[in-house]
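The values are calculated or read from the model by the stated rules, or taken from the named source; none is laboratory data. Since the model is a prediction, treat every value here as computed from it, not as a measurement. Here Cβ is always computed from backbone atoms with ideal geometry, including for glycine, and neighbour counts include all displayed protein chains.
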Amino acid sequence: MKTPPLKRKTRNSKFKIRNSKTRQRRTTNYELRILPNVQLGIGSSIGDYCVIGEPPRGNKPGELETHIGARAVIRSHTVIYAGNIIGDDFQTGHGALVREENRIGNNVSIGSHTIVEHHVVIGNNVRLHSNVFVPEFSVLEDDCWLGPNVVVTNARYPRSHNVKEQLRGATIKRGAKIGANATLLPGVVIGENALVGAGAVVTRDVPAGAVVVGNPARVARCVVEIEEYR
């Protein structure tokens, strides 16, 4: 198999090909890799050592279309698998991982070292901070916010019989905010504009507009009681 040519981002976001031998000792003969059937919007910028359009197991390169909208900023060491449909003004931190066949809206930010597994739906204006984990079959509606180290889970009984057929991610409704280090158990629904306190362990649905804290998380007050949100 022929090794892909070395590509490097220039200041004007265009790519130029260089002799792969010049950096063979320090890289695997390329600095970034864009696979077939990847559509990149105008004005997009991709950092070094990124991989865009990586085929999931069982698929060939280019078999699944990957679409990333205009003005994307994809920072170094990010890997985006094939089959993703991503809107405009998308950006990642460094070392983000986005698995295959997700639907991601406009103006979405995925922080450094955050992982979004496959078959996730993310709306518009969503912010995922660094080191967030979002498993398959989760839904993040418009304008929601996940703080650093938030963990969403989807397997109620890991390694149990038929676990893969029973996976259920969380649903985070429009405008909900999840504080740093919170954990959401499988299948929970976080209501619109709810606020989950830092470090909370959410084991049941959270009502719209509620503030929940603790382990297990319990309703402490309403968001409208917080002056900063009025």
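Quick notes
- Among (1) farther than 22 Å from ASN149 by Cα; (2) surrounded by fewer than 19 Cβ atoms within 10 Å (Cβ to Cβ), the one test that GLY83 misses: (2)
- Residue that is surrounded by the fewest Cβ atoms within 10 Å (Cβ to Cβ), among those in the stretch 112-131 that are within 8 Å of the chain's Cα centre (by Cα) and more than 14 Å from ASP142 (Cβ to Cβ): ILE115
- Residue check, ARG99 at pLDDT 95 or above, of a type in the set (Lys, Arg) and buried (at least 17 other Cβ atoms within 10 Å of the Cβ): yes
- Taking residues in the stretch 97-114 that are without any contact (Cβ under 8 Å) to a residue 24 or more places away in the chain, and partners anywhere that are polar (S, T, N, Q) and assigned to a strand (DSSP E or B), the pairs with Cβ atoms closer than 6 Å and at least 6 places apart or on different chains are SER109/GLN91; ILE110/THR92.
- The residue of the stretch 7-29 that is modelled with the lowest pLDDT, among those that are in contact with a Ser or Thr (Cβ under 7 Å, 6 or more places away or on another chain) and either among the hydroxyl-bearing types (Ser, Thr, Tyr) or outside the structural domain of HIS118 (by TED's automatic domain parsing) (or both), is SER20.
- One residue from GLY175, GLY191 being more than 16 Å from the chain's Cα centre (by Cα), farther than 23 Å from ARG99 by Cα and touching a residue at least 24 places away in the same chain (Cβ under 8 Å): GLY175
- Here ALA72 fulfils each of the conditions (1) of a type in the set (Gly, Ala, Ser); (2) buried (at least 20 other Cβ atoms within 10 Å of the Cβ); (3) over 20 Å from SER112 (Cα atoms) apart from (3).
- Residue ID - surrounded by the most Cβ atoms within 10 Å (Cβ to Cβ), chosen from residues in the stretch 32-43 that are in contact with a Pro (Cβ under 9 Å, 6 or more places away or on another chain) and assigned to a loop (DSSP other than H, G, I, E, B): LEU35
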